[in-house]
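Since the structure comes first, as structure tokens, the remarks are kept for the end.
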Amino acid sequence: MDWIKKFFKGSDQKNSEGHNHGDHEEDPQVYAPSGTGDVWQEHEDEEIDRAIALSLLEESQKGRNMINDESQLEEDERLARALQESLIFEPPPPYENANIYQPIPVYFPMGYRICAGCNTEIGHGRFLNCLNAFWHPECFRCHACNLPISDYEFSMSGNYRFHKTCYKERYHPKCDVCSHFIPTNPAGLIEYRAHPFWVQKYCPSHEHDGTPRCCSCERMEPRDTGYVALDDGRKLCLECLDSAIMDTKECQPLYLDIQEFYEGLDMKIEQQVPLLLVERQALNEAREGEKNGHYHMPETRGLCLSEEQTVSTILRRPSFGIGNRAMDMITEPFKLTRRCEVTAILILYGLPRLLTGSILAHEMMHAWMRLQGFQTLSQDVEEGVCQVLAHMWLITQLDSSSPSSDVASTSSSGSSRLRKEKIPEFERKLGEFFKHQIESDTSPVYGDGFRAGHSAVYKFGLRRTLEHIRMTGSFPY
């Protein structure tokens, strides 16, 4: 409507000028009316035509300006997108508690940008704005591999930057069995199993996929490590194999040392009780034929016999051939004749020396009580006090030079031959594990029985505890 405004503005101006002239002077030539009105009509038509032409010109000019502005805006947006894509810098969520950062490319005038990596001024070209600092793209590097980070997102641990893959490699737990990254559960959390003593981490699936465990230390067999397969189906890891006792003859020196241990406690076993190392099947068959005794499930590793039986003992240790399989093992039948309340002690073959010794110390306590005429005891009392003796023997092996308890100090004169040799590091760790097994056993008979017996022996001493058991059939409190 600008042309109407201009038209009325023009008319008002003429009228105003006419009034001014009329007020101050008369001009009959200007104001004299025309007889036909043609002159005034022509003048008015010219004004209208001029106003319409001017309005059309302005509208046309506005249209061209709008088209130019829209084209310029689209061009600017394309340029901005191209610039952003050229500077874009993104690192994906880090694992667990690591933070996520997305660098923001920005532009500042020269002189305001100093690279936080090389401490030099950033000139023209690409740069990154991240972690409250500016960086050359080649200076923003991974702490692990020292290569520039050009991913969309990156991970942080403390003040250190990582590629997503480098962070996962360093901090995401791997399975100790299959060496793969431990997968997440449906809730997105990393879930794994861990051995309570060895802290061996493994995927939950390995508990059900047939992955074998060492029959001694209970660790799962890693995929790249071959465990030794024994003839009775058990598997033995290579570390446990180093100190494993494989036949009856090889076990005799250990038997003599544990006899010394009992003599040092003033508990000498007067009768000569045969000691035999046997396979799992022979031990299970002997257990079925034994009327007395209690057995630690799921697998019995030792047995004190009081019945006459014929058992198959291992005469010569096996050799190990292709695939770490035991071979050429020689066994022979052995007739057990009852000369006293105890006919033999059977121990599962192929176990490490310290485990074999602790089992033997346990079974010899059964033999000692039977030979001393102890009445039939409840399971928790008899097995508990036998576990106390096995625990005491392990302590003498692990810390014989400076016993840490009154119980251990009572046996300082026993097992002298074993204390002369320094125990290798892994064997010591293995002994700690066997001690831990006794202490943390959750069974009511072996576990609770041991803890009650250990408390009684610690409070009253071994001799008084045994006298109380002989008289009452229970532990003193």
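The values are calculated or read from the model by the stated rules, or taken from the named source; none is laboratory data. From a predicted model like this one, the values you see are computed outputs, not experimental measurements. With ideal geometry, Cβ positions are generated from the backbone for all residues, glycine too; neighbour counts draw on all protein chains shown. Surface areas here come from the heavy atoms of the whole protein model, side chains and all, with no ligands, DNA or RNA. Shrake-Rupley method; radii C 1.70, N 1.55, O 1.52, S 1.80 Å.
Per residue, the accessible area of the stretch 176-262 comes to 47 Å², computed with a 1.4 Å probe over protein heavy atoms only.
Can you flag which of 268/435; 422/459; 174/435; 168/201 are past 27 Å Cα-Cα?
The pairs that break the limit, which is 27 Å between Cα atoms, are 422/459; 174/435.
Would you please put 439-447, 243-251 in order of how densely packed they are, using the mean number of other Cβ atoms within 10 angstrom per residue and starting with the highest? Could the numbers behind the result be given before it?
Values: 439-447: 15.0, 243-251: 20.0.
Going from most to least packed, we get 243-251, 439-447.
Taking amide H atoms as placed 1.01 Å from N in the peptide plane, the amide H of residue 344 lies under 5 Å from those of 305, each 5 or more residues away in sequence or on another chain. Across the stretch 231-238, rounded Karplus estimates of 3J(HN,Hα) from the backbone phi angles (6.51 cos²θ - 1.76 cosθ + 1.60, θ = phi - 60°) give 4, 8, x, 6, 10, 10, 6, 5 Hz, Gly and Pro being marked x. When the solvent-accessible area of the stretch 124-202 is split by element, carbon and sulfur atoms take up 49 percent of it, the probe being 1.4 Å. The 3J(HN,Hα) values that the Karplus relation (6.51, -1.76, 1.60; θ = phi - 60°) gives for the stretch 197-202 are, in residue order, 9, 7, 6, 7, 8, 8 Hz. Gly and Pro appear as x. Between the amide H of residue 154 and those of 101, distances stay under 5 Å, these residues lying 5 or more places away or on another chain, with hydrogens modeled in the peptide plane.
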